[in-house]
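Below is one structure, written out as structure tokens; the observations come after it.
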Amino acid sequence: MKASLKGRYTNEKSCAAVTLAVNAGDVKLRASMTDATVISGPSLNGLTLAVEKPGFFIIDYDVPKKDYRFQFMNSVRVAEKPLKLTYIHSRGDNRTIVDGALAFDSANKVSANYVLGTRNCKLKYSYVHGGVTTFEPSYDFGKNAWDFAISRRVYDDVFKASYQTVSRDLALEWSRNSKFTGTFKISASVNLAEESKIPKFIAESTWDLEM
């Protein structure tokens, strides 16, 4: 059995989450809960159950909302290039998302995300320079706007900067994924359109445990 502990702190509030995963043959059984599940006594708030077959499907069940979320994954080859497809459907809000990513080589990849029945479609190009620096321009057809992101890996650390042209949100992020110290992410964002320009800080940390 594997357990994952996650803590999240912002300059507005903090929260915690726990995930327990058990292998059952080819599938994984997961139970996730937040601090809302126990903070006011045992309850179903924040409780999610899931069945997953890695690389094929994930079925999530939100217990308090009685809502299902289905996610199916598949890979095909287009002109000898791998195309990864993901189909996501949420029963509660009756929303269906189709996501695709086509890798031309180890450095160039194009991905698209589309919400069926809407104009919400986002196209992103990813270019990895020298194996450490990633440039990711993207275009949102629904907002008719460009977004930009650049990240650089330094050993176990990743430094990232992103900018959304419509909302004028500028974000800086530092993350680390280590098998010894776990995973953490610290980010700061500011809306350049606001007069006060008060930054928002988020700190997240995750520990994976074998039980």
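The values are calculated or read from the model by the stated rules, or taken from the named source; none is laboratory data. These figures come from a predicted structure and were not determined experimentally. No Cβ is skipped: glycine too gets one built from the backbone with ideal geometry, and neighbour counts run over all protein chains shown. We work out accessible area using only protein heavy atoms, side chains counted, and drop any ligands, DNA or RNA first. Shrake-Rupley method; radii C 1.70, N 1.55, O 1.52, S 1.80 Å.
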Open item on the list: Of all residues being assigned to a loop (DSSP other than H, G, I, E, B) and modelled with pLDDT of 85 or more in region 17-42, which is farthest from the chain's Cα centre (by Cα)? Just the residue, please.
Closed with: 25
Open item on the list: The conditions are (1) out of contact with any Leu (no Cβ under 6 Å at 6 or more places or on another chain); (2) more than 30 Å from residue 106 (Cβ to Cβ); (3) of a type in the set (Ser, Thr, Tyr); (4) modelled with pLDDT of 90 or more, and residue 14 fails exactly one of them. Which is it?
Closed with: (4)
Task: Pair list, Cβ < 8 Å and 6+ apart or interchain, from region 92-108 residues that are farther than 14 Å from residue 69 by Cβ and in a loop (DSSP other than H, G, I, E, B) to residues that are modelled with pLDDT of 95 or more and hydrophobic (A, V, I, L, M, F, W, C) - done: 104/110; 106/128; 107/128
TODO: Could you tell me whether residue 180 is modelled with pLDDT of 95 or more, out of contact with any Cys (no Cβ under 8 Å at 6 or more places or on another chain), open to solvent by 70 Å² or more (accessible area, probe 1.4 Å) and among the aromatic types (Phe, Trp, Tyr)?
DONE: no
TODO: Within region 116-135, track down each residue that is of a type outside the set (Gly, Ala, Ser), open to solvent by 40 Å² or more (accessible area, probe 1.4 Å) and under 26 Å from residue 95 (Cα atoms).
DONE: 116, 118, 119, 120, 122, 123, 124, 125
TODO: Determine, yes or no, whether residue 56 is open to solvent by 80 Å² or more (accessible area, probe 1.4 Å), within 21 Å of residue 2 (Cβ to Cβ) and not polar (S, T, N, Q).
DONE: yes
- [ ] Tell me, yes or no, whether region 64-71 has at least one residue that is part of a loop (DSSP other than H, G, I, E, B), open to solvent by 40 Å² or more (accessible area, probe 1.4 Å) and hydroxyl-bearing (Ser, Thr, Tyr).
- [x] no
Open item on the list: Just to check your reading of the model, which residue among 198, 186 is within 21 Å of residue 8 (Cβ to Cβ) and part of a loop (DSSP other than H, G, I, E, B)?
Closed with: 198
Task: Residues that are part of a strand (DSSP E or B) and out of contact with any Leu (no Cβ under 9 Å at 6 or more places or on another chain), drawn from region 77-88 - done: 85, 86, 87, 88
Open item on the list: For region 145-182, give me each residue that is out of contact with any strand residue (DSSP E or B) (no Cβ under 7 Å at 6 or more places or on another chain), of a type in the set (Phe, Trp, Tyr) and at negative phi.
Closed with: 180
